[in-house]
Every structure is written in structure tokens, then in C-alpha cells.
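> Pasting in a structure now, in C-alpha cells, and then I'll have a few things to ask.
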Amino acid sequence: LLPSPTRDQVLATGFSRNHMINGEGGRIPEENRVDYVLDMTETMGTVWLGLTLNCCRCHDHKFDPILQKEYYQFTAFFNQTPVTGGGGSGRTPPLLNVPTEKQNLSIRNLQNQISEIQSGIQHRQKILKSQQADWEKRMLDQDPTHSWSRITAAQAQAQFQNLSLQPDGSILASGANPDNDRYRIHFHLTDGISTGFQLEAWRHPSMTQGGLARSDSGNFVLTDIRFSLLSASNPETSQPIPVAPGQASFEQPNHSLAMALDNDPQSGWAVWSGKPIDRDHFAIFIPHTPVKHKIGDILEVTLEFNSPHKNHNLGLFGFSTTQAGHPSRLRDWELVEAALKTPAEKRNDSQIQLLQRVYFESDRELAELEKRQQSLTGSLKSVEGQVAQVMVMKDLESPRATYILDRGLYNQPRGEVKPDIPQALPRLGMPLNPDRLDLARWLVHKDHPLTARVYINRLWQMLFGTGLVKTVEDFGVQAEFPIHRELLDWLAAEFIESGWNLKHLLKTIVTSQTYQLSSEMASPSIFEMDPENRLLARGSRYRMPSWMIRDNALAAAAILNRQPGATRLSIPTQWRLGRSNIRQ
């Protein structure tokens, strides 16, 4: 609600969101949301005002001058968050990303690199647009399959099924329908080079629902594919052909083409899209370097179907090769051809976009830039995914109505109330229609009777074991009257006038003669007269909390790392000793 809040100021509002969150499935979201609002209200009352506001959920306060209506006027300040109360997550919006310095640096570097790549992409696209007309002319005379040549198998074997060669050069699997299988196919090659291999999968009536395999869905999962070159002069010598994934007609989520090349039998390429397989598919594999071959050489292709999903073995398929410099395949060639034959001035928007997409996809330089951009974007998302998210406060644009709740029940509203403070407390410039920012300013007003005193009292309890007011959570009429009221007043004023400087107050107290008193010199009569040391005639005895014991021990050993946010232990160079020596 500040005019130009810093990230740290927004982060500080997370204090109010640090309440219990109920994720129980049977709970009603609105009931949860109201509980959160009441928790914020009561936490504010306890921490900053030292008032037991929770007594007013169901009725007027029995002791302090606070009405039930005034309690719900307090809740109206916190009732404006967009929280819905729905379960399922311990982090519900609004959220604030709070990266570390290292994460911030990584994010900035990646953003700068992505920006540079984006500029390169735009520059390359501008060049391509100027050359698109010449490309369109060439495309009208070009083979729509981009010069792919079908190769016919000389031999095809499966571990369990029958692989039969079809007249059109395709291969059909039949016979047994095993859970998994392995295919090995040999193709005779001619003189030349191959820059890409294409696997095509076709539908067939013998497959499930006329699909691509005899699985329950008609889908296949190609878990591994390997290519090798067998020399005509020495058929026993096999030379592996490393390949990279190229283009695929479709990739099922979590079943990308790259998964057919990762040597993992649990992953693979698949094309299920949430409905029966209703189209043919293809996948292109690109050798790391062009494959040179001679007449009589044999291309050996091994296909593995080891998916945990049963019977997902490819049914009807075939292979082709290309010598193109950038192996690819046009999709929807009929639409592309129709767009090319349409005069430029008569093309509709979809035709213009289709031709530009196809042209851009055919450019190797642009493809490399986009691949680099995708890699950097993935790295950026990975870093951003590791950034801590903190729940913070935010108010709705349209105020939510607040009601007095009968017995505190979320579904029993009575009269509507507006945000305000109890009449028993001074207004201190509080406007007639205040918001949460006005409440915050009211709490730290220099003339506020409670906030500074309540905080100083809690600080005193931390240092002396008991507060100047023993009931640190309750400054109402049922609380203990301050045993050193003038001291509490003076410390509260000093706290405010120092600019709420906590370090200054701590230093003031711990360097005082009172704090530095010893308990060893006190006489038995002093212990008898003042067993709780409320008169501060000696040093207090109380148990340190665990974190203070740890830091005190590390500081005494001169190995406390004082850098905020760092690990506590910092061993000096001259202490490079064994663990037992450090313990001694």
C-alpha cells in the first residue's frame, strides 16, 4: 500500500501471512479464510498491542474496554487479502519471489543473454523476410518431401513377431503380440551420402482401432533406436552412426523424440494425444556427420520397444534417407502448395503466416538461434524455480464487506462493520476510512501508548528472563502493573526517538550497570526478599534458548560467522586442526 514499495518492504508484510494454513480436504475454503483473518487480527493485538483481542471473537471483552464490534472492525483491515482459503498448498498467493544474490546474478545474466539472442532472431527474421519471395519461387518447383528417398529392406527380423516386407517397401508386424519386442532391419545402400534418416509410421486395419500398434490405445512407444553401417567389403564390421533427434510429426508430453536416444528403456518417443491414433506420423534423425556409403553397404537399424506399457510395438512402418543440407519435412504440404500458388496480394492471413512459418523453419541459422534461446529460457526457468517464494499481503481492488460473526462462526454474519480502532485507544491522526497502511502508521505513532512499551517489555524479557510487565502478552487490566514503570516509559521513548533502532536499544541495556550485575555477590537475604529478581539487585539467572547457546559458544570460540544469512560456523585459517582439537 506504500506509494513505491521496495521488495524488502513488501517482504516484511509476510509477517501477517505467517499463520497456520489448513489443507484438510473436508474444510470449507471460506471457513479457512476467515480463520486466517482472525489469526492476523489476534497476532497484531498480541505482538504490537499486548492485548488479548481473541477474547472478543464471541462477545465483548470481560475485562478490557474492547467491544466485539471493535474486534471485527480490526479484522476489516485484514479482510481485504485475495486469499480464498482453498487448501492444497502451503504457499497461496499473493506471493513474492525472494532470490539470493547468487540467483539474482544468474537471472540477470540469463535475461541479458536471452535479450541478445532475441535481437539476433529479429535481425535474422528481417533478412529472411526480404528473401522470402525468391524462396517461394524455388519451392513451387521443389519436391514437397524435401528429396526424401524410400529405402527398401533386404532383411527384417523381430524377436517375437513376424516382420513382412510389403510391395510398397513398408514393413508390417504380425503374429504374436508380445509385451515388448526388438526389430532389426537391414537396408542395401548405393553410392552417396546420407544426411538424415526418416522413420515413418502408418496406420493399418490390423492394428487397434486401425491405429499404429496392437496396444490398448493403438499407440506405440519407441524406447530406443540405433543406426549402424555395415561395410560391403567386411559385413561383420559394424560402425555405429551417432544421431541427434530432428523433426517429429508429434511428441506426446513426456515422450519426446530425444527419449528414443537416451538408452533408457523406461522412456521413449510416443504420439498419443488423448484420443485414438487417427493419423500417420514420422520422425527424423540427423547423423552427427554425413554418412558416406558405397554400393553394397548395409544400413542396420535396431528398434527397441521396452516400454512398461504392454504391446506398444510399432505395426506398419518404413524408412527413407536424404542428402539435403537441412533434413526436414514439410507438414501440410497441400496447404503450403495452395498458398504458394495464390498470388501474394490475394493470400489470406492464415496463408501468409503458414508460408512464413515454413520458410523460417527451413533456415538453419534461425533454427540454431531459436534452439539457443530455448536452452537459455529453460535455464532461466530452472533458476527461477529454485527461488524462494514468500506469502505477502495485498488488498483487493474492490473492498470485501466485513461483518460481526455470531460466536465467531464464519457463516453467521450479523451487522456490517468498517475498519476502525477501539474507542478506548487514541486515534492519533487515524482517518475516518482507514486502510492497513493507516493502521501500520497508527501503531508506530510516536504518541501511541502501547506499541513501543510492548516491544521493549518483550526485549527486556529476552535479556533478563522476566519482563518489566510479567505478562508480556497482556497489557490489559488483568495484567501485572509494571514494577519499574518509569524505566519502561524511558526505554520506550528512547526506542522511538532513536528511529526504532533495535541495535541501539540492545546496546543501551546490555552496557548498563544493571545488566552487568553478578549473581554471585548477592546476599542470601536478597534472594529471600526478591527470589524472582524483579528489583534487579543482582544478575538474573535463566536458561538461554537453544539458538543463543549455540551463538554464544561460537562467539566465545571466535568462530561465529557474523555475516547475515551465512552459516554460523566460520573457522579461521590458523585453526586448520583436527575435529578433536577444535572440540578441546
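The values are calculated or read from the model by the stated rules, or taken from the named source; none is laboratory data. Note that this is a predicted model, so its numbers are computed, not measured. FYI the Cβ positions are ideal-geometry reconstructions off the backbone, even for glycines, and counts take in every protein chain you see. Calculation scope for accessible area: heavy atoms of the full protein, side chains included, ligands and nucleic acids excluded. Shrake-Rupley method; radii C 1.70, N 1.55, O 1.52, S 1.80 Å.
> Suppose we keep only residues that are open to solvent by less than 60 Å² (accessible area, probe 1.4 Å) and polar (S, T, N, Q) within region 181-205. Which one would you say is farthest from residue 295 (Cα to Cα)?
198
> Which members of region 367-405 meet the condition of being in a helix (DSSP H, G or I), in contact (Cβ under 8 Å) with a residue 12 or more places away in the chain and either acidic (Asp, Glu) or in contact with a His (Cβ under 7 Å, 6 or more places away or on another chain) (or both)?
Hits for region 367-405 are 370, 384.
> How about region 1-35: which of its residues are touching a residue at least 60 places away in the same chain (Cβ under 8 Å), part of a loop (DSSP other than H, G, I, E, B) and either open to solvent by less than 90 Å² (accessible area, probe 1.4 Å) or basic (Lys, Arg) (or both)?
Across region 1-35, the qualifying residues are 2, 13, 21, 22, 23, 25, 27, 28.
> For residue 135, which of the numbered conditions (1) open to solvent by less than 30 Å² (accessible area, probe 1.4 Å); (2) assigned to a strand (DSSP E or B); (3) under 30 Å from residue 337 (Cβ atoms) fails to hold?
Just one mismatch for residue 135, condition (2).
> Could I ask something else about it? Select from region 430-445 the residues that are touching an Asp or Glu at 6+ places or on another chain (Cβ under 8 Å) and either closer than 16 Å to residue 75 by Cβ or open to solvent by 70 Å² or more (accessible area, probe 1.4 Å) (or both) and list them in ascending order.
Start the filter on region 430-445 by keeping residues that are touching an Asp or Glu at 6+ places or on another chain (Cβ under 8 Å), which leaves 430-431, 434-436.
Listed by number, the residues that qualify are 434, 435, 436.
> Sticking with this one: For region 487-524, name all the residues that are open to solvent by 70 Å² or more (accessible area, probe 1.4 Å), in a helix (DSSP H, G or I), at pLDDT 95 or above and not charged (D, E, K, R).
490
> Take the residues in region 36-62 that are part of a loop (DSSP other than H, G, I, E, B) and under 22 Å from residue 443 (Cα atoms), then tell me which one is least open to solvent (accessible area, probe 1.4 Å). Steps first, please.
Our first condition is that a residue be part of a loop (DSSP other than H, G, I, E, B); within region 36-62, this holds for 50-52, 57-62.
From the residues that got through so far, the ones that are under 22 Å from residue 443 (Cα atoms) too are 50-52, 57, 61.
Values: 50: 0, 51: 16, 52: 31, 57: 70, 61: 23 Å².
Filtering region 36-62 for residues that are part of a loop (DSSP other than H, G, I, E, B) and under 22 Å from residue 443 (Cα atoms), the one least open to solvent (accessible area, probe 1.4 Å) comes out as 50.
> Being without any contact (Cβ under 8 Å) to a residue 40 or more places away in the chain and either over 30 Å from residue 54 (Cβ atoms) or of a type outside the set (Asp, Glu) (or both) is the filter here, so list the residues in region 474-496 that pass it.
Within region 474-496, the subset without any contact (Cβ under 8 Å) to a residue 40 or more places away in the chain is 480-482, 485-491, 494.
Matches in region 474-496: 481, 482, 485, 486, 487, 488, 490, 491, 494.
> Restrict the check to region 207-223 and report whether at least one residue is of a type in the set (A, V, I, L, M), open to solvent by 30 Å² or more (accessible area, probe 1.4 Å) and touching a Gly at 6+ places or on another chain (Cβ under 6 Å).
So the first thing to find is which residues in region 207-223 are of a type in the set (A, V, I, L, M), and the list is 207, 212-213, 221-222.
Then drop every residue that is not open to solvent by 30 Å² or more (accessible area, probe 1.4 Å), which leaves none.
Scanning region 207-223, I find no residue that is of a type in the set (A, V, I, L, M), open to solvent by 30 Å² or more (accessible area, probe 1.4 Å) and touching a Gly at 6+ places or on another chain (Cβ under 6 Å), so the answer is no.
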